[in-house]
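Asker: Submitted below is the structure of interest, expressed as structure tokens.
The values are calculated or read from the model by the stated rules, or taken from the named source; none is laboratory data. This one's a predicted model, so the numbers in the text were calculated from it and none came from an experiment. Note: accessible area is taken over every heavy atom of the protein model, side chains too, but ligands, DNA and RNA are not part of it. Shrake-Rupley method; radii C 1.70, N 1.55, O 1.52, S 1.80 Å.
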Amino acid sequence: MTSNDTTIQTTMTKIFCSIFLVCFTLGRFLTTKKEKKNATSRRTAARASSSSHSSFSSFQCQTNPSKKAAEKFTFTVSLCWITSIAIIILLKLYEGFTRWHYLLYCGACTLPYVVYPLWKPFEEDKGVPVWERYVVKANAWIGILSFVGNYIWTHYFYSVLNAKYTFDAHRLNDVPISMYLMTHAYFMFYHAMTNSILRKIKTSYEKDVFRDVFYATVVAALAYTTAFMETLTICAFPYWEFTNRNMAYTLGSAFYGIYFIVSFPMFLMVDEDVTTAKGKKNTYSMWRVVWESLGSCMLVTLLLDFVRIVLTDVSFTMK
């Protein structure tokens, strides 16, 4: 282990210890939601006997069966391609890949999210028009985010971190097309996972200023952690290169995390509460999905550029 590796480990340990300490401290001020006053003692006892089940259920979307089924499907598909990536990296199978192998493999990781629910709709979606199904809306939202992220935001990494893809690939705007596809799979998994965590906070604790601060802090923590973990794992793939690996882990993770600071809470809201407090229908139309995703992308673009201007003297260029 080199001195540079030791420095990186020390820096990241300090960062994550600080994140944990802040979240833990803020969590001490949260107020757990009380039982409804009209709950009977029998129901209370039943909840107590099945506390583990109730605890797990609070991570799932109980207000929208279509969303609950889609998130379960996302976790299942994600487990498959994550396992396949681990095998490819460990056995270095990528060394024999051509540009067509990358395209076919990444497409195979992404297509199940899009094609399978259309081919075999979930039980909860049968009889529901295609554009009204949550999984279709989720794919549209993430598809836009993935496209903009590769087409525009990757160039911030090229400019600020001097990063580059060096494997042979079909390219669009100097970004491998296979990465457009693979990003969709990654982002579907990330956002389903953080939906569960953020939902747990919203359903388990009383809404007050402490919960709002805690919620925002957890969003930031999840964004940075997600970005760092992807950066850490992708470093095992030698054809995504950085000039300064220490900067890639620290500044690069913060830079990448900006994507998720915006997208995690915005994506959670899609069809999360399908009825209002007055009982009115509150599902998203496909137009609303498209425009909110595009609006989120615009905000991320502005934040990325603000950070670039404030923290660096690097000019942004796009080939």
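Asker: Once ligands and nucleic acids are excluded and a 1.4 Å probe is used, how much of Glu123 is accessible, expressed in Å² to the nearest 10?
Answerer: Surface open to solvent at Glu123 totals about 130 Å².
Asker: Could you list log10 I(q)/I(0) for segment 178-311 at q = 0.12 Å⁻¹, which the Debye formula gives when each Cα is one point scatterer?
Answerer: Per q value, in the given order, log10 I(q)/I(0) is -0.57.
Asker: Continuing with this model, one more query. For the full complex of protein chains and a 1.4 angstrom probe, list Lys120, Lys281, Lys92 by accessible area with the highest value first.
Answerer: Working: Lys120 100, Lys281 150, Lys92 120 Å².
Per-residue accessible area, sorted high to low, gives Lys281, Lys92, Lys120.
Asker: Right, something else. With an 8 Å cut-off on Cα pairs and a minimum separation of 6 or more residues, tell me the relative contact order of segment 132-268 in percent.
Answerer: Details: 108 pairs, mean separation 43.4, N = 137.
Across segment 132-268, relative contact order equals 32 percent.
Asker: A further question follows. Could you tell me the accessible area of Phe75 in Å² (1.4 Å probe, neighbours in place), rounded to the nearest ten?
Answerer: In the full protein context, Phe75 sits at about 80 Å².
Asker: Which value at 222 nm does the chain reach when only helices count, each DSSP H run of 4 or more adding -39,500 (n - 2.57), with the total divided by all residues and rounded to the nearest 500 deg cm²/dmol?
Answerer: -22500 deg cm²/dmol
Asker: Given N residues in the chain, what is Rg(Cα) / (2.2 N^0.38 Å)?
Answerer: 1.07
Asker: Kindly write out, for segment 82-95 in residue order, the coupling ³J(HN,Hα) from the Karplus curve 6.51 cos²θ - 1.76 cosθ + 1.60 (θ = phi - 60°), rounded to whole Hz, with x marking Gly and Pro.
Answerer: 5, 4, 5, 5, 4, 5, 5, 5, 5, 8, 6, 5, 4, 5
Asker: When the accessible area of segment 279-319 is computed with all protein chains present and a 1.4 Å probe, what percentage of it is carbon and sulfur?
Answerer: For segment 279-319, the apolar C and S fraction of the accessible surface comes to 67 percent.
Asker: Students sometimes get this wrong: rank Cys109, Cys235 by accessible area, probe 1.4 Å, all chains present, largest first.
Answerer: Cys235, Cys109
Asker: Kindly write out, for segment 105-111 in residue order, the coupling ³J(HN,Hα) from the Karplus curve 6.51 cos²θ - 1.76 cosθ + 1.60 (θ = phi - 60°), rounded to whole Hz, with x marking Gly and Pro.
Answerer: Along segment 105-111, the couplings run 5, 5, x, 5, 6, 8, 4 Hz.
Asker: In a Gaussian network model over the chain where Cα atoms closer than 10 Å are linked, find which of Thr283, Thr166, Thr301 has the largest mean-square fluctuation.
Answerer: In the Gaussian network model the winner is Thr166.
Asker: While we're on this one: How much accessible area does Ile88 have with a 1.4 Å probe, in Å² rounded to the nearest 10?
Answerer: Estimated to the nearest 10 Å², Ile88 gives 20 Å².
Asker: If you don't mind, another one. Keeping to pairs on different chains or 8 or more places apart, tell me how many lysine pairs in segment 75-222 have Cα atoms under 27 Å apart. Intermediate values should be presented prior to the final figure.
Answerer: On the way: Lys92/Lys164; Lys120/Lys137; Lys126/Lys137; Lys137/Lys200; Lys137/Lys202.
Lysine pair count for segment 75-222: 5.
Asker: When the chain is fully extended, how far beyond the present Cα-Cα distance does Tyr151 get from Ile234, taking 0.36 nm per residue of separation? Show your work: numbers first, answer last.
Answerer: Working: separation 83, 0.36 × 83 = 29.88 nm, distance 1.93 nm.
Full extension from Tyr151 to Ile234 adds 28.0 nm.
Asker: Mind listing the long-range amide H neighbours of Leu172? Cut-off is under 5 Å, sequence gap 5 or more, other chains count too, H placed in the peptide plane at 1.01 Å from N.
Answerer: Ile177
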